[in-house]
1. Each label point is 7 Å from the Cα along the Cα-to-Cβ direction; what then is the distance between the points at Thr90 and Gln164, in nm?
2. Please report the orientation-averaged projected area of the stretch 14-62, defined via the convex hull of its C-alpha atoms, in nm².
3. With the cut-off at 1.5 for a/c, could you classify the stretch 1-84 from its C-alpha gyration tensor as rounded, prolate or oblate?
4. Please give the calculated 222 nm ellipticity per residue for the chain, where each DSSP H segment of at least 4 residues contributes -39500 (n - 2.57) and the sum is spread over every residue; nearest 500 deg cm²/dmol?
5. Limiting things to C-alpha atoms, what are the Rg and the maximum Cα-Cα separation (Dmax) for the chain, in angstroms?
6. Where does the longest stretch of the chain lie that holds no trypsin sites (Lys or Arg not before Pro) found in a DSSP loop with 15 or fewer other Cβ atoms within 10 Å?
7. Which value in nm describes the separation of the simple spin-label points at Ala102 and Asn37, placed 7 Å from the Cα toward the beta carbon?
8. Between Glu23 and Gln68, what length comes free when the chain is fully extended (0.36 nm per residue of separation minus the Cα-Cα distance, one decimal in nm)?
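The values are calculated or read from the model by the stated rules, or taken from the named source; none is laboratory data. As the structure is a prediction and not an experimental result, all values here were calculated from the model. Cβ sites come from the backbone with ideal geometry, for glycine too, and all protein chains shown count toward neighbours. Please note that ligands, DNA and RNA were not included when accessible areas were found on the heavy atoms of the full protein model with its side chains. Shrake-Rupley method; radii C 1.70, N 1.55, O 1.52, S 1.80 Å.
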Amino acid sequence: MRSTIFLVRHARSVPPTPNGPDEYQRSLTETGRAQANQLADRLADLDPGVVISSPYLRAVQTLEPAAQQWNLPIHTDPRLREWDSGIEPTPDHARHYAQSWAHPQRARPGAESLHELTERAVHTLTDIVDGLQGRPAVIGSHGTFIARALIGLGCLGVSRDFQQAMPMPAVYRLEFGGSIVYAVGPGL
């Protein structure tokens, strides 16, 4: 039996700043809220059995209009959170991010490596798929999480450049059938 998930990257959010809201509390911008409403319109014909999101506010807010439309609650799962990179929002952020992609096994002290994120993402999505009962799931998460999940599921051509070009929001349809995952979405 095939199982389908729609993996959604959050809409435009308030950028991280050194003294700004933490990762859990960064919200959508006005543009992001409009994007979330447009996304609900695009997804209106889906009939999901469940809506699950990263606990980060921006991911939940992205799915709220669609979930309300479907009359479904949004369940949060901390395993869907963004990568815990240990990289602070400083002028060196882009350089450190690129180095992490070049060496995915390395982690900053107390942080998660990209390799660990890949394993977390694949295990989380497979756990969700194993619990589906015929109807698709809509899952809200983050760009690096989604890119690393796609890598771990065997999607070719996914790289740092792919992640950097991923739109906000973005929707990826993943169909699981045995050991094969078929994925479509921006950049694939």
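1. Result: 2.1 nm between the two label points.
2. On the way: hull surface 14.7 nm².
That works out to 3.7 nm².
3. Working: a/c = 2.38, a/b = 1.50, b/c = 1.59.
Since a/c reaches 1.5 but b/c is at least a/b, the shape of the stretch 1-84 is classed as oblate.
4. Working: 6 runs with 71 residues, N = 188.
It comes out at -11500 deg cm²/dmol, rounded to the nearest 500.
5. In order Rg, Dmax, the Cα atoms of the chain give 15.8, 48 Å.
6. On the way: sites that count: Arg2, Arg106.
Excluding the exposed sites themselves, the longest stretch runs over 3-105.
7. Result for the modelled spin labels: 4.4 nm.
8. Separation in residues times 0.36 nm, less the Cα-Cα distance, equals 13.8 nm.
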